[in-house]
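A short worksheet on the structure shown next.
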Amino acid sequence: MAPPASPLHRHQSSLEGILYFSSQPPLDPSHRDCAKRRFDQIINHFEEDEGSRAGRDKYDRVKLVSLTYEHSTNETSKDRLLAAFFAFAGLLIATDEEINFDDLTRRDEL
């Protein structure tokens, strides 16, 4: 049994498996373009949806993800964020397939 986590690092071990993307190679330009297009499509869709719920939830998850990408310091950081985002969403990073936002199950997953 693992020892209890110290207060300052209690979440570290649980997030390491999710957030460790340093070993992944950067995206090639065509994959990056496709991933960015799909990322923007998802962000734009949910930003519009968030507008209709204004005032209900002060924590804007869509804005957080969008600004994290925009303020990433270099292409490698942006690639890692895209890889993490698509892995978490369960979507292929490089495909021309459109995302069906009418599928309520898929929409809720995102």
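The values are calculated or read from the model by the stated rules, or taken from the named source; none is laboratory data. Being a predicted model, the structure only gives us computed values, none of them experimental. When we count neighbours, we look across all protein chains shown, and the Cβ atoms used for this are built from the backbone with ideal geometry, even at glycine.
Observations on the model:
- Scanning segment 77-109 for residues that are among the β-branched types (Val, Ile, Thr) and in contact with a Leu (Cβ under 9 Å, 6 or more places away or on another chain) yields Ile93, Ile99.
- Qualifying positions in segment 43-78 - among the β-branched types (Val, Ile, Thr), loosely packed, with under 15 Cβ neighbours inside 10 Å and modelled with pLDDT of 90 or more: Thr68
- Residues located in segment 67-92, provided they are of a type in the set (Val, Ile, Thr) and not in a helix (DSSP H, G or I): Thr73
- Check on Ala83, surrounded by 16 or more Cβ atoms within 10 Å (Cβ to Cβ) and not acidic (Asp, Glu): yes
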